[in-house]
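The block underneath contains the structure these notes are about, expressed in C-alpha cells.
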C-alpha cells in the first residue's frame with residue numbers, strides 16, 4: 001500500500017499517472033460507517049472525467065472535512081459530472097455475520113459491480129480487494145490526496161447519512177439523525193435505556209456489553225436480529 005505526502009487538497013495526480021500508462025476508466029473507492037455501532041457500511045466507486053477544467057474539482061475534500069451543505073452540493077455535482085458512480089451497501093446483520101472488514105470489502109465490491117462502466121483500474125482508500133481481478137492500488141489517506149477517492153467518500157457519506165436519517169424515523173429515541181450510528185455518549189446512553197434496535201451491530205463490543213449488562217437475562221442477540229435488507 002502506498003504512502004503519499006499529503007497535498008493541499010485532492011487532485012488528479014494519481015489518475016493522470018495511470019492514464020499515462022494507458023488506463024482510461026479509473027475508479028476511486030472509499031467507504032463510510034466502518035466504525036459505527038449501528039447501520040450499514042456504505043461504499044462508493046467513482047470514475048471521473050480526465051480534465052482539469054471542471055470548476056467543482058477544486059471544492060472537493062475528504063467528506064469528513066466538509067460541512068453538510070458542501071457535501072450535499074458536491075454529491076449532486078459528482079453524480080452529474082462523473083463518468084460513472086456505483087454504491088454498495090452492507091447492512092448490520094451481515095456485518096455481524098462476517099465481520100466489519102469483510103463487510104467493508106463486500107460493500108466496495110458491490111460498488112464496483114454497480115458501476116455502469118467497467119473500470120480498468122481501482123484506486124482504493126487504504127485497503128485492497130484481493131478478490132477483485134481488476135488492477136488496483138491502495139493509498140493510505142487516499143481520500144485526502146486522490147480526487148476520485150475523495151469524491152467516492154462524499155457519495156458514500158451522503159448516502160449513508162440519508163439512510164441514518166430515515167432510520168431515525170423508524171427507530172426513534174436513539175438519535176440516529178444526529179450521530180449517524182457512531183458511539184457518542186448520547187448514543188450509548190440511549191442504547192442503555194432502550195436496548196439495541198434492529199440496526200445495531202450486536203457483536204460490536206459496546207453494544208454486546210450493554211446487552212450482557214442489561215437486567216433482562218432472557219434477552220439474546222438472536223432475539224433482536226431482524227432483517228432490514230436481503231442478504232446477498
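Ordering 80, 70, 64 by the number of other Cβ atoms within 10 Å of each residue's own Cβ, fewest first, gives 80, 64, 70. With N the number of residues in the chain, Rg(Cα) / (2.2 N^0.38 Å) evaluates to 1.07. The equivalent ellipsoid of region 100-199 has semi-axes of 32, 14, 13 Å, largest first, where each one is the square root of 5 times an eigenvalue of the Cα gyration tensor.
When the chain is treated as a Gaussian network with alpha carbon springs shorter than 10 Å, the biggest mean-square fluctuation among 115, 66, 202 belongs to 66. Annotation for residue 20 and residue 213: the two label points, set 7 Å from Cα along the Cα-Cβ direction, are 5.6 nm apart.
Each reported figure results from applying straightforward, stated rules to the coordinates on display, with no laboratory input. A quick note: this is a predicted structure, and the numbers were derived from the prediction, not measured. Don't worry about glycine lacking a Cβ; one is built from the backbone with ideal geometry, like all the others, and counts go over all protein chains shown.
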